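Engineer: Below are the C-alpha cells for one structure; questions will follow.
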Amino acid sequence: MYSHEHTIRVRYGETDQMGYVYYGDYAEYLEVGRVEALRSLGFPYRRLEEEGLMLPVHDLHITYHKPARYDDLLTIRTTIPVLPSVRMKFTYEIRNEAEELLCEASTTLVFVDSKTMRPMRGPDELTKALVPFFTP
C-alpha cells in the first residue's frame, strides 16, 4: 500500500457564511492529494496526458466528521490501496493541525485512451513504481 501526505491551507473563498469549508470543496482537496501522490511517484498528470492517457473519476465516496475552517492547515493523506489495472483506487483522510479526522473518502479513476476514449490498462511503469509498496 502506498501513502503520501500533502498539506494545504484553507482559503477564505472556500468557506461558507458559518466559516466552514463548503462541502463541495473537499473534492478539490482530494484531487490535490491524488495529483501530488502521483507526482511523488514520478507520474504527474502532465506526463500521463502526454502519453495519451486520461484519468476521469468513476466514483467518489466521502464521509464528513468535522468541519475545516478558514486558515486551517490541512493534511491530506492519499493512499493507493491496490495496484492499478484499468481502474485506480485512492483512499483519503483529511486532518487538521490538531490531527482531528475531518473526513474520509475514496475515489476510483479509470485509465482512458485520450484518442479513442476507451478504457485501457494503466502504464506498466506506474505499476512497477508501486510494486515495492505492496510486497511484504
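Values in this text are rule-based calculations from the coordinates and carry no lab data. From a predicted model like this one, the values you see are computed outputs, not experimental measurements. Here Cβ is always computed from backbone atoms with ideal geometry, including for glycine, and neighbour counts include all displayed protein chains.
Engineer: Tell me whether the range 27-136 comes out rounded, prolate or oblate; compute the Cα gyration tensor, take square roots of the eigenvalues as a ≥ b ≥ c, and use a/c under 1.5 as the rounded threshold. Walk me through the numbers on the way to the answer.
Structural biologist: On the way: a/c = 2.15, a/b = 1.77, b/c = 1.21.
In terms of gyration-tensor shape, prolate.
Engineer: Here's another thing I want to ask about it. Hey, how many Å between the Cα centroid of the range 60-136 and the Cα centroid of the range 13-32?
Structural biologist: Rounded to whole Å, the Cα centres lie 18 Å apart.
Engineer: Round to the nearest 10 and give me the degree value, 0 to 90, for the angle of helix 25-40's Cα axis relative to the longest principal axis of the chain.
Structural biologist: 40 degrees
Engineer: Something else: How far apart, in nanometres, would the label points at Arg11 and Glu99 be if each is projected 7 angstrom from Cα along the Cα-to-Cβ direction?
Structural biologist: 3.0 nm
Engineer: Using +1 on the beta carbon of Lys and Arg, -1 on that of Asp and Glu, and nothing else charged, what's the dipole of the chain about the Cα centre, debye to 20?
Structural biologist: Taking the Cα centre of the chain as origin, the dipole is about 460 debye.
Engineer: Using a 7 Å offset from Cα along Cα-Cβ at Tyr23, what residues in the range 77-111 end up with backbone N under 16 Å from the label point?
Structural biologist: Inside the label zone: 102-106.
Engineer: If you keep only loop residues by DSSP, which GluC sites (Glu not before Pro) in the range 1-61 have at most 14 other Cβ atoms within 10 Å of their Cβ?
Structural biologist: Numbers: sites: Glu5, Glu14, Glu28, Glu31, Glu36, Glu49, Glu50, Glu51; in loops: Glu51.
Counting only loop positions with at most 14 other Cβ atoms within 10 Å, the GluC sites (Glu not before Pro) in the range 1-61 are Glu51.
Engineer: Right, another one. Mean residue ellipticity at 222 nm from the helices of the chain, using -39,500 (n - 2.57) per DSSP H segment of n ≥ 4 over the full residue count, to the nearest 500 deg cm²/dmol?
Structural biologist: -6000 deg cm²/dmol
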